[in-house]
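What follows is one structure encoded as structure tokens, with my remarks underneath.
The values are calculated or read from the model by the stated rules, or taken from the named source; none is laboratory data. Note that this is a predicted model, so its numbers are computed, not measured. Virtual Cβ from ideal backbone geometry, glycine too; neighbours counted across all protein chains shown. For accessibility, only protein heavy atoms count, side chains too; no ligands or nucleic acids. Shrake-Rupley method; radii C 1.70, N 1.55, O 1.52, S 1.80 Å.
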Amino acid sequence: MKAFRLDELEAERAANDGAYLQFLRERNMSVGLYALDAGDHDPQKPHQQDEVYVVVSGRASLTVGLETTEVARGSVVYVPAGVAHKFHHISEDLRVLVMFSPPES
């Protein structure tokens with residue numbers, strides 16, 4: 001078993017001065033913590049893997065392809081591989097668990 005605490009992951013991510021911390025990588029999936037502060041710009045480009053976002057905290061808009069939705073704590077969004085997507089209008093510091101399948105390369 002591998003178990004993680006969000007507060008410890010957030011501290012590790014912040015200590016490494018990055019917006020993204022991959023904390024689990026297995027044969028068929030990887031999981032990371034993505035952080036964007038209020039007002040930040042999301043620099044993401046489409047990925048080659050399917051993704052699932054689980055919003056842990058914060059508030060923003062998320063555009064996937066041509067569709068936009070508001071996300072906040074508890075939101076779960078699927079993003080198909082190869083589709084453009086970005087968080088924007090980030091009004092509260094955003095913390096998101098990101099699951100990639102297959103693992104992010």
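Brief remarks follow.
- Options Val31, Val64; residue that is of a type in the set (Val, Ile, Thr) and either open to solvent by 80 Å² or more (accessible area, probe 1.4 Å) or under 12 Å from the mean Cα position of the chain (by Cα) (or both): Val31
- Qualifying positions in the range 50-70 - free of Cβ contacts under 8 Å to residues at least 24 places away in the same chain and either part of a strand (DSSP E or B) or in contact with a helix residue (DSSP H, G or I) (Cβ under 9 Å, 6 or more places away or on another chain) (or both): Val64, Glu67, Thr68, Thr69, Glu70
- Whether a residue is at pLDDT 95 or above and assigned to a loop (DSSP other than H, G, I, E, B) was assessed, and Gln22 does not pass this test.
- When the range 71-91 is filtered for residues that are farther than 21 Å from Leu9 by Cα, open to solvent by 40 Å² or more (accessible area, probe 1.4 Å) and assigned to a strand (DSSP E or B), the ones remaining, listed by number, are Tyr78, Lys86, His88, His89, Ser91.
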